[in-house]
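The values are calculated or read from the model by the stated rules, or taken from the named source; none is laboratory data. The structure displayed is predicted, hence computed values, not measured ones. As a convention, Cβ positions derive from the backbone with ideal geometry for all residues, glycine included, and neighbour counts pool all protein chains shown. All accessible areas refer to the heavy atoms of the entire protein, side chains included, with ligands and DNA or RNA removed. Shrake-Rupley method; radii C 1.70, N 1.55, O 1.52, S 1.80 Å.
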Amino acid sequence: SQPQKSSDGQSTQEEQTQAEPEKTELEPVTLSWYFFSGVGQQKDQAEVEAKMTEYLKDKINASVKFYPLDWDTFITKTSAMAASGEPFDIVFTASWLSFQTNARKNWFVDLNEGGLLDKYAPKAKERLGEVFLKGGQVDGKQYALPVYKERAQSSGLMFNKAIVDKYNLDINAVNTNEDLEKLLAFVKEHEKDITPLGVAPGNTIMDGNTWTQYESLSGDSAVPGEIYADKPDTKVFNRYETPEYMEKVRFLRKWYLAGYIDKDAAAKTSTYDQKKKNGKYFAITAGTKPGADAEMSNDKVTWIQKPMTKIYSTDGNLSGAMNAISSTSKNKERALMLLELTYTDKELNNMINFGIENKHYVKISDNFIKLIPDSGYYFGAEWMFGDQTLNYLKEGEDPDKWKKFEEFNNQAVPFKSIGFSYDNSQWKNEYAAIKSIIQELGDPLDVGAIDPEKYVPQLIEKLRKAGTEKYIPDIQAKFDEWLASKQ
């Protein structure tokens, strides 16, 4: 059998001797892994899974079966499986996927129970460290392992480099939505096959003309209950009632009517993911960080980013991409052993992300690769698996990407709410009703598909009746109490 590799790719005798005794005792198992994917099932997925199984035989004797699901299917399917007790093993989760709420429903294994984490994933625990591990904790229990990536956030725009270069457009001059609007109008006039702005419900992160940022305190970032990130006061409010939200949706409505946004943007059958992948947009809204544009680029489009906000560090960053083990898993220990390898084994980590060398990618140098176009395997989701610093760099990425990640993290201003965790379990009926209302009215408003003058008042009224007037004062009281306890 082959020795394991440490994160720098070097085999260590210590690791080899530690791992050897267990190998002969392990019965073969198949581990299922559910995550969401804008590109869905891949043509060569079974071939990569077979390669992975072969690779893992001497390490943990496990086969891996991926279930990449589109957004709506992922949420519906995994929720139904967890609620019904259907066995499955690993599932992607995040603060914006109701992680805290679902953890409190006991959908996930507490990784500290019985010393699971120390026994089966000690190196992942060490790599993540105390700060990052907090992202996967609820009420003192460790329900998930965060992906090792950026611990901070800024929001901004990604621009299609081919069009920027073709017309010598100055994207650095874009500091407001009004600045952006001028470029959208120009592109609409000059590029008939390109949609000026790509947006989808829930990711139009541009409140106000100058991009206001909020901190979500509701325990479910899909549900309103925020404070301003860059203002000193700590009043909790409903973001849909702010002047910045109204200003945003007025811009979006204007752009939608002008043809700058896809007519199907609010539909479940939206072509957003495919058009983004194929470079059929001039600009998209996105989170920005060192190398985010290169990560999003592929053989069909090169993106260049323009941050629009300050850099903040939030609880949401720590819990923005995680993997948990389902409470229904029949192979909890082995699932955790697999997760451990995604933080320590460079070869496995890159197989998950990029497939098989010379079939799905070619190596340019020791740590740089070139993806093979339409190869049959690439999720474009490196931020979902293990330690992202183990990833090969793609052609065109900055050799200093990971060094800049650390600098980016260190520049971040921490949100006022870091460490605050609101138990929203008493409001589950209200939260469910609110999410339904947001899907009905908030999603189409978020892409300009309906008139804000008519529908924002309706949205606010419906949200109040559904429960915002009840639970927001409770969040305020608990947050005030928490702030007082820190003084």
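A few comments on the model shown:
- When the range 373-393 is filtered for residues that are farther than 19 Å from GLY40 by Cβ and open to solvent by 10 Å² or more (accessible area, probe 1.4 Å), the ones remaining, listed by number, are THR389, TYR392.
- Test: SER63 is modelled with pLDDT under 95 and of a type in the set (Gly, Ala, Ser): no
- Residues within the range 164-175 that are of a type in the set (Val, Ile, Thr) and open to solvent by 20 Å² or more (accessible area, probe 1.4 Å), tallied: 0
- When the range 149-194 is filtered for residues that are touching a helix residue (DSSP H, G or I) at 6+ places or on another chain (Cβ under 9 Å), among the basic types (Lys, Arg) and in a loop (DSSP other than H, G, I, E, B), the ones remaining, listed by number, are LYS149, ARG151.
- Candidate set from the range 131-147 (those that are without any contact (Cβ under 8 Å) to a residue 60 or more places away in the chain and over 21 Å from the mean Cα position of the chain (by Cα)); member that is surrounded by the most Cβ atoms within 10 Å (Cβ to Cβ): LYS141
- Qualifying positions in the range 180-220 - more than 14 Å from ILE261 (Cα to Cα), small (Gly, Ala, Ser) and surrounded by 18 or more Cβ atoms within 10 Å (Cβ to Cβ): SER216, SER218, GLY219
- Qualifying residue in the range 205-214 (condition: β-branched (Val, Ile, Thr) and part of a helix (DSSP H, G or I)): no
- Taking the criterion of being touching a residue at least 40 places away in the same chain (Cβ under 8 Å), among the small types (Gly, Ala, Ser) and part of a helix (DSSP H, G or I), the only residue of the range 47-89 that qualifies is ALA82.
- The set of residues from the range 150-163 being farther than 22 Å from ILE205 by Cα and open to solvent by less than 60 Å² (accessible area, probe 1.4 Å) comprises just one member, ILE163.
- Sub-8 Å Cβ pairs linking a first residue in the range 428-456 that is at positive phi to a second residue that is assigned to a helix (DSSP H, G or I) and open to solvent by 40 Å² or more (accessible area, probe 1.4 Å), at least 6 apart or interchain, are GLY448/ARG253; GLY448/LYS254; GLY448/LEU257, ordered by first then second residue.
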